[in-house]
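Derivation of every value follows stated rules applied to the coordinates shown; laboratory data play no part. Worth saying up front: this structure is predicted, and the values here are computed from it rather than measured. A quick note on method: Cβ atoms are made from the backbone with ideal geometry, for glycine too, and the neighbour counts reach across all protein chains shown.
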Amino acid sequence: MKPTMAILISGRGTNMNTIVDNCHDGLINAEVAFVASDNPDAAGLHSARQKGIPTRILPYSSQGRRDAERCLVTLLEDHSVGWLILAGFMRILSPGFVVPRRGRIVNIHPSLLPSFPGRDSIREAFGHGVKLTGVTVHLVDEEVDHGEILAQEPVRILPGDTLEELEERIHQAEHVLYTRTLIDLLGRSG
Ligand code: GAR
């Protein structure tokens, strides 16, 4: 049986789209049980539905983190989900949620951690004038943007780069690195 994953998003969902497509094409050895978001307006929810993936809203805004995580736990149990994949999910999971699932929650972050954790990492790296930034895929622990690093990909900031150009190259690197890392973790089905 293939491993089962759920993907959490908050926004566009381009990483989620890439993962769903690569699972569907057999490049990543996993089934995507559902895509969930704290943000009912996340554009990625629409594209997940178009791909035939069930979507769920986690009630962070209406009920708070505790109830939203309870809801997530129920969904994960109901779908026998083994892997939780964070793809632009902008909420912090509580230690009570993370600890029992340590080693089974994966996140992607748009910097070379431990540099530039948190939000707006690409803008911050650009603003600091660093010459090299990149992308990190890591296991999630109780700290924010922290945990065992599984893979990193450097991205150069070139003279004359605009923020938009840098963001575009980072996102391209993310899609390749997340796919490669999930293949390393879960294997290929083909
Ligand atoms: C990605 O750049 C991801 O690394 C980042 O959010 C973006 C989501 O893009 N995540 C974080 O900053 C987590 N701290 P997407 O919705 O198009 O996949």
Computed log₁₀ I(q)/I(0) - Debye formula, equal Cα scatterers, no solvent, region 135-190, q 0.14, 0.28, 0.31 Å⁻¹:
-0.48, -1.07, -1.16
For ILE92, placing the label point 7 angstrom along Cα-to-beta-carbon and taking region 1-40, residues whose amide nitrogen sits under 17 Å are none
Who wins for biggest fluctuation among LEU158, LEU139, LEU27 in a Gaussian network model of the chain, springs between alpha carbons below 10 Å?
LEU158
Of the options THR136, PHE116, GLY103, report the single residue whose Cα projects farthest towards the positive end of the charge dipole of the chain (beta-carbon charges: Lys, Arg +1; Asp, Glu -1).
GLY103
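Run the numbers for ARG156 and SER61: contour at 0.36 nm per residue of separation, minus the present Cα-Cα distance, in nm.
So the extension gain works out to 30.5 nm.
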Counting Lys and Arg as +1 and Asp and Glu as -1 over every other residue whose Cβ sits under 15 Å from the Cβ of ARG49, the net charge comes to +1
Around THR14: net Lys/Arg minus Asp/Glu count, Cβ-Cβ under 14 Å
-1
How many nm separate the modelled label positions at VAL99 and GLU143, each set 7 Å beyond the Cα in the direction of the Cβ?
1.7 nm
If you take every DSSP beta bridge fully contained in the chain, what fraction is antiparallel? Give it as a percent rounded to 5.
40 percent
Which one of GLY26, GLY88, ALA48 has its Cα pushed farthest toward the positive end of the charge dipole of region 1-113, where Lys and Arg give +1 and Asp and Glu give -1 at the Cβ?
GLY88
Cα gyration tensor of region 56-153 - equivalent ellipsoid semi-axes, whole Å, descending
27, 15, 10
So, for the Cα atoms of region 101-173, Rg and Dmax in Å stand at 12.5, 43
Kirkwood Rh over alpha-carbon pairs of region 1-131, then Stokes-Einstein at 10 °C and 1.306 mPa s: what D in µm² s⁻¹, rounded to an integer?
102 µm²/s
Computed E for ARG49/ASP78 - FRET, C-beta separation, R0 25 angstrom, nearest 0.05
0.85
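Only helical DSSP H runs with n ≥ 4 go in: add -39500 (n - 2.57) per run for the chain, normalise by residue count and round the 222 nm mean residue ellipticity to 500 deg cm²/dmol.
On the way: 7 runs with 73 residues, N = 190.
The helix contribution divided over the chain gives -11500 deg cm²/dmol.
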Where does the charge balance sit around GLU168 when Lys and Arg score +1, Asp and Glu -1, over other residues with C-beta under 15 Å from its C-beta?
-2
